[in-house]
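Colleague: I'd like to ask you about the structure that follows.
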Amino acid sequence: MARQPEGPPPPPVVQRLRVRYTKRGRLRFISHRDFARAFERALHRSGVPIAFSAGFSPHPKVSYAGAAPTGAASEAEYLEIGLSQEREPAWVRDALDAALPDGLDIVEVVAAEPGGPALADRIEASTWRIELPGVSVAEGAGALTALLALDEAPVERSTKDGTRTVDARAAIEAAWVVEEASCATLEVVVRHLTPAVRPDDVVTALRRAAGLSTPVAPVATRLAQGLLDAAPPQTARHLVDPLG
Amino acid sequence: MRGVSVFDRLEPLLPSVRKPVQYVGGELHAVTKDWDSVAVRWALMYPDAYEVGLPNQGVQILYELLNERADVLAERTYSVWPDLEALMREHDIPQFTVDGHRPVGDFDLFGVSFSTELGYTNLLTALDLAGIPIAAADRTDDHPVVVAGGHAAFNPEPIADFIDAAVIGDGEQAVLAITDLVRAWKHDGRPDGRDGLLLRLATSGVVYVPGFYDVSYLPDGRIQRVVPNRPGVPWRVAKQTVMDLDEWPYPKQPLVPLAETVHERYSVEIFRGCTRGCRFCQAGMITRPVRERSITTIGEMVQKGVAATGFEEVGLLSLSSADHSEIASVAKGLADVYDGTNVSLSLPSTRVDAFNVTLANELSRNGRRTGLTFAPEGGSERMRKVINKMVTEEDLIRTVATAYGNGWRQVKLYFMCGLPTETDDDVTAIAGVASRVIETGRQASGRKDIRCTVSIGGFVPKPHTPFQWAAQLDHESVDRRLAALKAAVVKDKSFGKSIGLRYHDGRPSIIEGMLSRGDRRVGAAIRRAWEDGARFDGWSEHFSFDRWVAASEAAFAGSSVSLDWFTTRERDLSEVLPWDHLDSGLDKDWLWGDWQDAIGESEVEDCRWSPCYDCGVCPSMGTETQVGPTGRALLPLSPV
């Protein structure tokens, strides 16, 4: 007979909360695994009554929506937590924010509507800001125009399982140039496809489309995630807030 | 302008290196202070990758202790991997701290903690990247004072040319004393510059300054003598010993990394020192006497440490944790406190006895019982007498029977190969022990799927131990004995499939042997190996034996010493050892007597529960064994 944990099973989830958080400044270099570990430790320190799974290795009830890649900053990351006791969302926001290091900031916490759509079903695209230090605003605008004029923009990326090709152009729903910036700065609405098109794929496509060179590593920041606004099509500059 | 962050120049490079998070800092409980607000500035380094260096207790303790002083700042730096090293050289970015990303060369002091000699080449990389001349003799008043510490500093002679000073022993009080001396010297207007400061440090007795000692050699290569070359510098430098660990309850605010590291837990040292007297064990010899932390302090540290970090694992550390006089109460108390929570407890004790299993049962009350580790170290009873590991085969079998009978599925056994007087049979005997373990385990558990993993390390003779005179076994013989052992396990039809064998080839141990027992002449080999690309020598994927052999041949060409001379040569009592002027408190005659007892297969008891056998430490260092029981209990704690 294999040993079983003694005692009663852990208390069930009584409340689901959805959390928007950031990855700012130097903490943009943390990977998703790093974030998950830091977040779970912050949960322990914060006193938020997180629920756990059963078994010898109980896991806190946290589910993450698709995470920004290592090196990309974000103003709009999302996750959902299950609590074993009810708490005011505003209190949870403050407690978690205080327990996390600066840069990993909790922006918003709301209660999930029972029976409503899953968090993952409220997210289909991201708005990325891409800064290209060392590239002029005009050069950036030209490269964007060239990219948008293409029918497809295949980009190879090396992954654990070898090289994959993604079509960067196909994922772009809308894109524009931020006029008042010190270097070329683009904002691009990227649809979440499988395999995902990441901001560095967009940069690679820009380089190819216009022979652009980026002397300094570009910096990408996710500004928003959500559903694409139904109207007007093709000029969607707005994503529907998944916590709204 | 000194102390200015280089992060703006580093940041654009980070997207192209592996695991960039290790270079950004920002850990919970990391400290950054205003550069100009303090009088003394330390850069502290663990000379290995961040994932290994960050959890290091020594660095964390000193970091916290120094930063608690209002007029002192301490920042941390770790070895950068070759991908970033290349980019830093290309973009002219110096070795930086992860806290303020400040150039290491701007600090007053650069303290480097060596747990292992295989970190020496990483010291040279850091110095070079920092713009600090590799040779201490070439440094000016503009460069930090480079201070080595950690267990390897008990023989810092191989790196004597590269460091300015070494702390021998416990660091807590020593770093504060050094800080005071540096502060006073700066306040006095830096009289006599760098040399004046080093002289103040050396004459204080707190540190060893290799540059103030001349070493002369005999024609056959042995050391003739080591003599101070400045008035007021002590002939022998004594180790530092912290008494009363309850007064030094660090770390209180342990660093919680964002990156994944090798130990993800809150660790509390439950005692320091060990007098079990295992003759191979340098740590047990140089950290005497035993000083226990009291049960109440342990309880407070664990409660506060877990609350402050959110770690889910607590480690009760020491050289032999089951030997704490109140370990049973500590274990039960903590298991009660954290019962029903997700905090697990671990006791990395490897003592071979049933009590250890009882403790492990208590600590894993509600957890999974996967593996237990024991360290008989020697395969035959004769061998264990030589190394003073007082465990009979019956003890071992009884212990593993208890373990398997209590639901543990795997037992891991540690052994060494290459011990003094060892024969082929002593190593092959390990196979027989493992077979009996499996046979016993199957009976005790009633299952066939139990396992025994045998891990074998190559023995390296270390300074300040009874084996400091011993010949190290050549790597060909080590490999041959291990191959014979493997063949014996494979041949075992009944139990062989349940036995896992883990070992490495014997070559890295030979280089470690030279770096451990070498003298100042070894510095030339280290420098040459580093110039030829040696980095991260503790990592098998980076270590190159051939590179070290070539570097040693070149460095020792035309002299009477060699890689073999430093390693496989037995020394005699009359030889001046490179570390004889560094006083660990151990009486050299006692060590020699213990070496002779080893050869005679004669054992010595632990002085905690038998009369003092005059190793010499307590009287010469003015210390005494501090053990309980106190009779107190863990405070009535509540889990967080």
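Colleague: With only alpha-carbon atoms in the gyration tensor, what are the semi-axes of the equivalent ellipsoid for the range B:253-373, in Å, largest first?
Modeller: Those come to 23, 18, 15 Å.
Colleague: For a 23 Å ceiling on Cα separation, which of these pairs sit above it: B:K332/B:K389; B:K389/B:K412; B:K412/B:K493?
Modeller: Beyond 23 Å between Cα atoms: B:K332/B:K389.
Colleague: Sum up the charges of everything whose Cβ sits under 12 Å from the Cβ of B:K462, counting Lys and Arg as +1 and Asp and Glu as -1, but leave B:K462 out.
Modeller: Summing Lys/Arg as +1 and Asp/Glu as -1 gives 0.
Colleague: A:L144: net charge of surrounding residues, Cβ under 15 Å, Lys/Arg +1, Asp/Glu -1, itself excluded?
Modeller: In short, -1.
Colleague: For the range A:156-244, just the Cα atoms, rotate onto the principal axes and tell me the three extents in Å, largest first.
Modeller: 37, 37, 22
Colleague: Per-residue HN-Hα couplings for the range B:400-412, Karplus 6.51 cos²θ - 1.76 cosθ + 1.60 at θ = phi - 60°, whole Hz, x for Gly and Pro?
Modeller: 3J(HN,Hα) across the range B:400-412, in whole Hz: 5, 4, 4, 5, 5, x, 9, x, 6, 9, 9, 10, 10.
Colleague: Still on this structure, please answer the following. Per-residue mean of other chain beta-carbon atoms within 10 angstrom of the beta-carbon, peptide A:41-48?
Modeller: The shielding value for this peptide is 4.
Colleague: Looking at the range B:196-328, what % of its DSSP beta bridges pair antiparallel, to the nearest 5?
Modeller: Among the beta bridges of the range B:196-328, antiparallel pairing accounts for roughly 65 percent.
Colleague: If you don't mind, there's one more thing I want to ask. Antiparallel versus total DSSP beta bridges in the protein assembly as shown: what percent is that, nearest 5?
Modeller: Beta bridges within the protein assembly as shown, antiparallel portion: roughly 55 percent.
Colleague: Separate question: With N denoting the number of residues in the protein assembly as shown, provide Rg(C-alpha) divided by 2.2 N^0.38 Å, to two decimal places.
Modeller: Scaled against compact globular proteins, the figure is 1.03.
Colleague: Rank-order B:480-493, B:426-439 by packing density, defined as the average count of other C-beta atoms within 10 Å over each peptide's residues, highest first.
Modeller: Put in order of decreasing packing, that is B:426-439, B:480-493.
Colleague: Let me ask something else about it. Rank B:W248, B:P466, B:V306 by how far each Cα sits towards the positive end of the charge dipole of chain B (+1 on Lys, Arg Cβ; -1 on Asp, Glu Cβ) and give me just the farthest.
Modeller: In chain B, that residue is B:V306.
Colleague: A follow-up question, please. Is the range B:163-219 best put as rounded, prolate or oblate by its Cα gyration tensor, with a ≥ b ≥ c the root eigenvalues, rounded for a/c under 1.5, and otherwise prolate when a/b is larger than b/c, oblate when not?
Modeller: oblate
Colleague: Provide B:E260, B:E247 in ascending order of the number of other Cβ atoms located within 10 Å of each residue's Cβ, fewest first.
Modeller: Ranking B:E260, B:E247 by Cβ neighbours within 10 Å, fewest first, gives B:E247, B:E260.
Colleague: Going by C-beta contacts inside 10 Å, put A:K160, A:K61 in order with the fewest on the left.
Modeller: A:K160, A:K61
Colleague: What is the average number of partner chain Cβ atoms found within 10 Å of a Cβ in B:252-262?
Modeller: Whole-number average of other-chain Cβ neighbours for B:252-262 is 3.
Colleague: Please report the antiparallel percentage of the DSSP beta bridges confined to chain B, to the nearest 5.
Modeller: In chain B, approximately 20 percent of DSSP beta bridges are antiparallel ones.
Colleague: Let me ask another. Which lysines, if any, have their Cα less than 16 Å from the Cα of B:K239, not counting same-chain residues under 8 positions apart?
Modeller: Within reach: B:K588.
Colleague: Additional query: Looking at the square roots a ≥ b ≥ c of the eigenvalues of the Cα gyration tensor of the range A:22-123, which shape do they give, rounded for a/c under 1.5, prolate if a/b is larger than b/c, or oblate?
Modeller: Cα axes put the range A:22-123 in the rounded bin.
Colleague: Something else now. Could you work out the local net charge near B:R225, counting Lys and Arg as +1, Asp and Glu as -1, over the other residues with Cβ closer than 10 Å to its Cβ?
Modeller: Combined, the nearby Lys, Arg, Asp and Glu give -2.
Colleague: Give me the angle, in degrees from 0 to 90, between the Cα long axis of helix A:32-46 and the longest principal axis of the Cα atoms of chain A, rounded to the nearest 10.
Modeller: 40
Colleague: For helix A:199-210, what angle does its Cα long axis make with the longest principal axis of chain A, in degrees from 0 to 90 and rounded to 10?
Modeller: Long axis of A:199-210 versus the principal axis of chain A: about 10 degrees.
Colleague: FRET efficiency for B:W539 and B:A487, Cβ-Cβ distance as r, R0 = 30 Å, nearest 0.05?
Modeller: 0.55
Colleague: Let me ask you something else. Across peptide A:26-37, how many C-beta atoms of other chains are within 10 Å of each residue C-beta, on average?
Modeller: 6
Colleague: Just to confirm the number: angle between the C-alpha axis of helix A:137-148 and the first principal axis of chain A, 0 to 90 degrees, nearest 10?
Modeller: Roughly 80 degrees, rounded to the nearest 10.
Colleague: Would you list B:R139, B:R236, B:R76 from fewest to most Cβ contacts within 10 Å?
Modeller: In order of increasing Cβ crowding within 10 Å: B:R236, B:R139, B:R76.
Colleague: Placing one identical point scatterer on every Cα of the range A:38-80 and ignoring solvent, what is log10 I(q)/I(0) from the Debye formula at q = 0.17, 0.26 Å⁻¹?
Modeller: -0.61, -1.03
Colleague: What order, most packed first, do the peptides A:45-56, A:71-82 have when packing is the mean number of other Cβ atoms within 10 Å of each residue?
Modeller: Final packing ranking: A:71-82, A:45-56.
Colleague: Based on the mean of other Cβ atoms within 10 Å per residue, sort peptides B:78-85, B:34-41, B:120-127, B:397-404 so the most packed one is first.
Modeller: Going from most to least packed, we get B:120-127, B:397-404, B:78-85, B:34-41.
Since every read-out is calculated from the coordinates, none of them should be taken as a lab result. Note that the coordinates shown come from a computational prediction; the quantities given were computed from them, not determined experimentally. Glycine also receives a Cβ, built like all others from the backbone with ideal geometry; neighbour counts cover every protein chain displayed.
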